[in-house]
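Following: one structure in structure tokens, then a few remarks.
The values are calculated or read from the model by the stated rules, or taken from the named source; none is laboratory data. As the structure is a prediction and not an experimental result, all values here were calculated from the model. Ideal geometry is used to build each Cβ from the backbone, glycine not excepted, and the neighbour counts take in all protein chains shown.
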Amino acid sequence: MPTGPQRTRQTEWAIFASFALAALGGIAFAVFFVLGGQTQFEGASLAVAFGGLAAGLGLWAVRLLPSGGHVEEHEGFSSPEVERSEVVDQLVDVGRPRRRRWLVRLFGLAGGTITVALLFPLRSLLQPQGGALPPKALAETPWRAGGVRLIDRSGRPVRPEDVSAQSIEIVYPEHHPDAGDAPAFLVRLDPARLQDPPPGGQVGGIVAYSLLCTHAGCAVALYLEGTGQVLCPCHQSVFNLLRAARPVAGPASRPLPGLPIFVDADGYLRASGDFTSPPGPGYWSRP
């Protein structure tokens, strides 16, 4: 087993390799994150980065730093043989202080690389893909373009005669049927029974609202026929469509956002703009 200067040099090289591996792991994480890679690769690169940093610091603490307190026995006026041997070893190994400085620099490089890599996820919170800031991205849906045609589950454009007074018709924006924040529903109400004007207006008694409950984002898909009310099956929030979809029961505290609609020249229903308020549950700036 190596002892003395040889063991110290081996330890320093092991620390050097650990810190270099940590730096490469940090760089790999940044690259995978920017390229939109698999989370498995991002997690593995972070594990390599922090593992290399921990291994290097552990070797440094155990092998290179002095440890413990020592009581030296008096052995006369000359230094013990062990101490004389250590002094000779230090005088011979004159390159060691330079190598220690390189270890400190490499440690700084590894730590700095990991720190910079971790800034990428923080930046994504402020500027996600697509360019919109989080509050704006949560407030806008594919309906915002205006003139978007309403389609049903099968992708068929919806006409006013397709909307019944007995049940709701779930609709999606054309070309964006998979947008999670865009589903809406249509239902035909008696205009004479409306106590408050619908926020999105009406077309011959047809009103349109967001399908997402304002409590937890579940689908408000149960229509209580004859009452003008819709029910969320998740936590039993009830919204009164005759009073602008205000919540009348359950934990929801905000009304359902309305969707302004009109009939185009071909007789199809279209949205003239986005929801009247952000759909779904609240968030940090919208309780």
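All but one of (1) crowded, with 17+ Cβ neighbours inside 10 Å; (2) farther than 23 Å from Gly282 by Cβ hold for Leu211, so report the exception by its number.
Result: Leu211 fails condition (2) only.
Is there a residue being surrounded by 15 or more Cβ atoms within 10 Å (Cβ to Cβ), within 23 Å of Gln6 (Cβ to Cβ), modelled with pLDDT of 80 or more and not aromatic (Phe, Trp, Tyr) anywhere in segment 36-51?
Looking for residues that are surrounded by 15 or more Cβ atoms within 10 Å (Cβ to Cβ), within 23 Å of Gln6 (Cβ to Cβ), modelled with pLDDT of 80 or more and not aromatic (Phe, Trp, Tyr), one finds none in segment 36-51, hence no.
Identify the residue in segment 139-155 that is in a loop (DSSP other than H, G, I, E, B) and at negative phi and, among all such residues, is modelled with the lowest pLDDT. It would help to see each step written out before you state the result.
Quick first cut of segment 139-155, residues in a loop (DSSP other than H, G, I, E, B) only: 140-141, 146-147, 152-155.
Right, trim to at negative phi and you get 140-141, 152-154.
Values: Glu140: 85, Thr141: 92, Asp152: 96, Arg153: 94, Ser154: 94.
Looking at the filtered set, the residue picked out is Glu140.
Can you list residue pairs whose Cβ atoms sit under 7 Å apart, with the first residue in segment 230-255 being within 14 Å of Gly217 (Cβ to Cβ) and the second being small (Gly, Ala, Ser) and not in a loop (DSSP other than H, G, I, E, B)? Count only pairs 6 or more apart in sequence or on different chains.
Ser237/Ala249
All but one of (1) within 16 Å of Asp152 (Cβ to Cβ); (2) surrounded by fewer than 18 Cβ atoms within 10 Å (Cβ to Cβ); (3) of a type outside the set (Val, Ile, Thr) hold for Ala184; which doesn't?
(2)
Does Gly226 satisfy the condition of being modelled with pLDDT under 95 and on the phi > 0 side of the Ramachandran plot? Spell out how you get there, then give the answer.
Values: modelled with pLDDT under 95: yes; on the phi > 0 side of the Ramachandran plot: yes.
When the stated conditions are applied, Gly226 passes them.
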